[in-house]
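Have a look at the structure below, then the notes.
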Amino acid sequence: MEADLKLKLEQLHQRVDSLKDQINTEEGTKNAFVMPFIQILGYDIFNPTEVIPEFICDIGTKKGEKVDYVIKKNDEPILIIECKHWKENADAHNSQLHRYYHVSKARFGVLTNGHTYNFYADLEKPNIMDEKPFYTLDLANLKDSSLKILENFTKNGYNLESILDSAEALKYTKAIKNEFEKELDNPSDEMVKLLVGKFFDKPITAARLVIFKEYTKRALANSINESINFRLKNALSISETVPSKESGGTLPIDENIDLVKINTTEEEVEGSQIVKAILREELVASRIAFRDTQSYFGILFDDNNRKPLCRLHFNSSNKYIELFHNGKDSGEKKLLNSLEDIYLYKKELLQTVKSYSDSK
């Protein structure tokens, strides 16, 4: 089920990317993007007793207020959906979803712009929708863990208890993660005092606090970089350091704090493994090196940044592989509709290996 769901969502993402510039209205977004999404979840969009468009919600003295869609199961509303134009932010602030939620009797609300779906519940106060979503689905960044949650919202897999069991954990895990990332970028006084107070028994003056704040930032960056390197080493069998793309050598961790912003994704790891499998026809594993950067994931010949074998550009909604069979200064990007498309460029990848081998 999960693999089938992912495939259909990937196809929807391709549809969104190819059609969005031609969609100029909110109604167009609903028809072209949101209705196919509801259909992917297994609900019959042509059955007005199951998927009800323009559902009327009387809110206090306001009569005739309409929510874009209400989805029912066993004649009970389980999900209300409000849609925005694809160019708008899928944020519940200033939306009508809060008001609809209160009177709809559904346990979950969704606000979407056709490519991002924010799921809300009433974890803080009964019958009052939370300010922040407990779960977000981004069609441009589908993760297996995210799809497992979405499965509970499908017609055949709908499981209220399972959703509620995980919703609180999802909500607060996300909130803690956001706070942690803020601390990584700019450690607060409270964080610095908490950590330093574990080993420094003298008063922390204002001057010392400034110094310790910088030390804390370096220490956190160091810790994250070590975790990244450990993950890469285990997944890709590379060296323990991740050099910057501007330098042929390795920068000391303390002088390269920006590396903490590098996020090696599951898709980059999977894509690099496909490339590695292709290259192993001509190269031993020790001659295939990986180097992640903020803008691309690089695969190098002999860990030499002047000998790129290819680059994976996976940091946007469209994914590309950059090939160098025409020379290291003549990179050519090719659109990937799926990771399996990498196999289509086996000839170019092996040609690049041969060009470096012959240049010795």
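Of the residues Asn326, Asn315, Asn305, which is closer than 21 Å to Asp144 by Cβ and outside any helix (DSSP H, G or I)? First the steps, then the outcome.
On the way: Asn326 fails: closer than 21 Å to Asp144 by Cβ; Asn305 fails: closer than 21 Å to Asp144 by Cβ.
Within the list Asn326, Asn315, Asn305, the selection yields Asn315.
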Review point. Restricting the first residue to the range 116-134 and requiring it to be over 30 Å from Ser316 (Cα atoms), which pairs with a second residue that is open to solvent by less than 20 Å² (accessible area, probe 1.4 Å) and assigned to a strand (DSSP E or B) meet a Cβ separation below 6 Å and a spacing of at least six or different chains?
Key: Met129/Gly109; Met129/Tyr120
Check your understanding: Which is closer than 20 Å to Glu76 by Cβ and acidic (Asp, Glu), of Glu131, Glu161, Glu179, Glu124?
Key -> Glu161
Review point. When Arg99 is evaluated against the numbered criteria (1) more than 21 Å from Leu5 (Cα to Cα); (2) open to solvent by 10 Å² or more (accessible area, probe 1.4 Å); (3) part of a loop (DSSP other than H, G, I, E, B); (4) not hydrophobic (A, V, I, L, M, F, W, C), which criterion, by number, is the only one it fails?
Key: (3)
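Just to be sure before I move on: is Asn113 open to solvent by 40 Å² or more (accessible area, probe 1.4 Å) and out of contact with any strand residue (DSSP E or B) (no Cβ under 6 Å at 6 or more places or on another chain) in the structure I sent?
Working: open to solvent by 40 Å² or more (accessible area, probe 1.4 Å): no; out of contact with any strand residue (DSSP E or B) (no Cβ under 6 Å at 6 or more places or on another chain): yes.
Criteria not met by Asn113.
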Practice item. Check the range 140-148 and report whether any residue there is part of a loop (DSSP other than H, G, I, E, B), closer than 30 Å to Asp17 by Cβ and aliphatic (A, V, I, L, M). Key: yes
Check your understanding: Any chance the range 180-199 includes a residue that's among the hydrophobic types (A, V, I, L, M, F, W, C), surrounded by fewer than 17 Cβ atoms within 10 Å (Cβ to Cβ) and part of a loop (DSSP other than H, G, I, E, B)?
Key -> yes
Practice item. Say whether the condition of being open to solvent by less than 30 Å² (accessible area, probe 1.4 Å) and touching a residue at least 40 places away in the same chain (Cβ under 8 Å) is met by at least one residue in the range 340-348. Key: yes
Revision key, fill the gap. Flagged in the range 266-302 as in contact (Cβ under 8 Å) with a residue 60 or more places away in the chain and part of a loop (DSSP other than H, G, I, E, B), in numbering order, are Glu281, Glu282, Leu283
Point to revise | the range 12-48, residues that are open to solvent by less than 40 Å² (accessible area, probe 1.4 Å), out of contact with any Cys (no Cβ under 8 Å at 6 or more places or on another chain) and closer than 20 Å to Ser317 by Cβ | key: Leu12, His13, Val16, Asp17, Ile23, Gly28, Ala32, Phe33, Pro36, Phe37, Ile40
Exercise for review: Among the residues of the range 309-320, write down those that are without any contact (Cβ under 8 Å) to a residue 40 or more places away in the chain and within 20 Å of Lys354 (Cα to Cα).
Suggested key: Arg311
Point to revise | Test for Phe314: is it within 21 Å of the chain's Cα centre (by Cα), at pLDDT 90 or above and of a type in the set (Phe, Trp, Tyr) | key: yes
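The values are calculated or read from the model by the stated rules, or taken from the named source; none is laboratory data. Note that the structure is predicted; figures quoted are calculated from it, not measured. No Cβ is skipped: glycine too gets one built from the backbone with ideal geometry, and neighbour counts run over all protein chains shown. Calculation scope for accessible area: heavy atoms of the full protein, side chains included, ligands and nucleic acids excluded. Shrake-Rupley method; radii C 1.70, N 1.55, O 1.52, S 1.80 Å.
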